[in-house]
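Shown next, in structure tokens, is the structure this report addresses.
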Amino acid sequence: MQLRYTFRIEPGPGQRIALGRAFGCARVVYNDALRAREDARRDGLPFPKVGDLSRLLITDAKRTPERAWLGEVSAVVLQQSLRDLDAAYRNFFDGLKGKRARMGAPRFKSKRDNRQAVRFTANARWSITSGGQLRLPKIGDIKVRWSRSLPSTPSSVTVVKDAAGRYFASFVVQADASEVLPETAGEVGIDLGLTHFAVLSDGRKISAPKFFRRAEKKLRKGQQNLARKTKGSSNRRKAVVKVARAHARVADARKDFHHKLSTMLIRENQAVYVEDLAVKGLARTRLAKSVHDAGWSAFVAMLEYKAARNRRSFTRVDRFFPPSQLCSACGVKDGPKPVAVREWTCSRCGSVHDRDVNAARNIRAQGSKVAAGQAETQNARGAQVRPVLVPAQRATRASARKKQEPTRSCRPTGCVQAGIPGH
């Protein structure tokens, strides 16, 4: 497994100018290649290959007066820019074919984008000096704030400048097998929410920090101050950076909370079960600001990759599974309940349940069943066996359609988008 280690770097004034030049050259090559491919698509011609674009937009362009300044940066940076465009097109077409989630077509980059980045691979001859500095070609030795040591020799480094004007070095390394956590017997189901960020099946409740809500007043003042500045003025540029730094502090605090909580859960449990929430649907409701502030998707993604790295079991429970309607003691389905009902008594066995703890326990039980079913569908060699989809007979389709017409579901569009079961 490949991991990415990111550290803050502190380039000097001259190195900032050199990095800005590298960002600009990579952006120009990327836009030239995108324009060449769009022209080929418009004319009905096949897309030019990366090799042809490299010769035309880098090698030949350096010999022209208009693009002679491309020779002031490392050629590897320009080559990687072309590869990034090729990967963007590949992901776009894979999304159209259904091989991955859909994403937009590649767009032209701007020098005003919030994020600027260049990548150096091994053939760029970059290195880490004996003094712990990052040596980049045609840029120099840059001071790095090392917070931990790298587990292995990195294969590439990406230098990133964010909207707040901070610089980072992101190293890609191969995961060390010796860092895998020892096995444990614990299992946990996680019910994500807004009042409590996470409720665990063992009864623990993790309060929601609400980082954005706490900083909202300060962010509002910064945005108001920015709105009063004259466009194009030096004071406006300073105000933009000030607002970006305020947002970066909120994002960094949220990410730190996610990392610490996900690491704790992976350390304590061998199997982790999470409900597959429809975050995009919930983000269209009146709770949108709170949903974005919670950052459920980023947290679940951290749980997933940390589980894979440490050989833990990670399972998503189907979003249409009703964990709040089932009794975790006897399994009876007691029906939907308003959100205001935080505690209820089972009509069959009389068990008194905390709504969120009961949901987390049901998620753990359902997740263990899903994980067991996935294990059974593997063949002797360990390859995943996917069930074959068999089309229904024409008569079966017609009869099913007739049966469904009188009992059409009354679920509104908002419920479908948010993953709320029918009522």
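The values are calculated or read from the model by the stated rules, or taken from the named source; none is laboratory data. No experiment lies behind these values; they were computed from the predicted model shown. Cβ placement follows ideal geometry from the backbone for every residue including glycine, while neighbour counts extend to all protein chains displayed. What goes into the accessible areas is simple: the full protein's heavy atoms, side chains included, and nothing from ligands, DNA or RNA. Shrake-Rupley method; radii C 1.70, N 1.55, O 1.52, S 1.80 Å.
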(request) Among the residues of the stretch 93-115, write down those that are touching a helix residue (DSSP H, G or I) at 6+ places or on another chain (Cβ under 7 Å), in contact (Cβ under 8 Å) with a residue 60 or more places away in the chain and either open to solvent by 90 Å² or more (accessible area, probe 1.4 Å) or of a type in the set (Ser, Thr, Tyr) (or both). (result) 108, 111
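Look through 351, 297 and report the one residue that is hydroxyl-bearing (Ser, Thr, Tyr) and at pLDDT below 90. It would help to see each step written out before you state the result.
On the way: 297 fails: at pLDDT below 90.
351 is the lone residue from the list that is hydroxyl-bearing (Ser, Thr, Tyr) and at pLDDT below 90.
Restricting to the stretch 206-243, what's the tally of residues that are more than 18 Å from residue 293 (Cβ to Cβ) and either not basic (Lys, Arg) or not in a helix (DSSP H, G or I) (or both)? Step through it out loud before you land on a result.
Keep residues of the stretch 206-243 that are more than 18 Å from residue 293 (Cβ to Cβ), which gives 221, 224-242.
After this cut, where a residue has to be either not basic (Lys, Arg) or not in a helix (DSSP H, G or I) (or both) as well, the list is 224-235, 239-241.
The qualifying residues number 15.
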(message) Whether any residue in the stretch 267-288 is open to solvent by 20 Å² or more (accessible area, probe 1.4 Å) and either closer than 28 Å to residue 166 by Cα or among the aromatic types (Phe, Trp, Tyr) (or both) is what I want to check.
(response) no
(message) For the condition modelled with pLDDT of 95 or more and not hydrophobic (A, V, I, L, M, F, W, C), what is the one hit in 231, 221?
(response) 221
(message) I'd like to check something: does the stretch 178-193 contain any residue that is open to solvent by less than 50 Å² (accessible area, probe 1.4 Å), outside any loop (DSSP other than H, G, I, E, B) and within 28 Å of residue 241 (Cα to Cα)?
(response) no
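It is to be established whether one or more residues within the stretch 248-265 are basic (Lys, Arg), over 30 Å from residue 180 (Cα atoms) and open to solvent by 40 Å² or more (accessible area, probe 1.4 Å). If you could, list the steps in order and put the result at the bottom.
Of the stretch 248-265, the ones basic (Lys, Arg) are 249, 254-255, 260.
Next, only the ones that are over 30 Å from residue 180 (Cα atoms) stay: 249.
Then drop every residue that is not open to solvent by 40 Å² or more (accessible area, probe 1.4 Å), which leaves 249.
Yes, because at least one residue in the stretch 248-265 is basic (Lys, Arg), over 30 Å from residue 180 (Cα atoms) and open to solvent by 40 Å² or more (accessible area, probe 1.4 Å).
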(request) May I ask you to list the residues in the stretch 111-152 that are assigned to a strand (DSSP E or B), among the β-branched types (Val, Ile, Thr) and over 28 Å from the mean Cα position of the chain (by Cα)? (result) 128, 142
(request) Could you tell me whether residue 33 is open to solvent by less than 70 Å² (accessible area, probe 1.4 Å), small (Gly, Ala, Ser) and either out of contact with any strand residue (DSSP E or B) (no Cβ under 7 Å at 6 or more places or on another chain) or at pLDDT 95 or above (or both)? (result) yes
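With 198, 215, 244, 208 as the choices, which residue is open to solvent by less than 80 Å² (accessible area, probe 1.4 Å), in contact with a Ser or Thr (Cβ under 8 Å, 6 or more places away or on another chain) and farther than 30 Å from residue 153 by Cα? Spell out how you get there, then give the answer.
Working: 198 fails: in contact with a Ser or Thr (Cβ under 8 Å, 6 or more places away or on another chain); 215 fails: in contact with a Ser or Thr (Cβ under 8 Å, 6 or more places away or on another chain); 244 fails: in contact with a Ser or Thr (Cβ under 8 Å, 6 or more places away or on another chain).
Among 198, 215, 244, 208, only 208 is open to solvent by less than 80 Å² (accessible area, probe 1.4 Å), in contact with a Ser or Thr (Cβ under 8 Å, 6 or more places away or on another chain) and farther than 30 Å from residue 153 by Cα.
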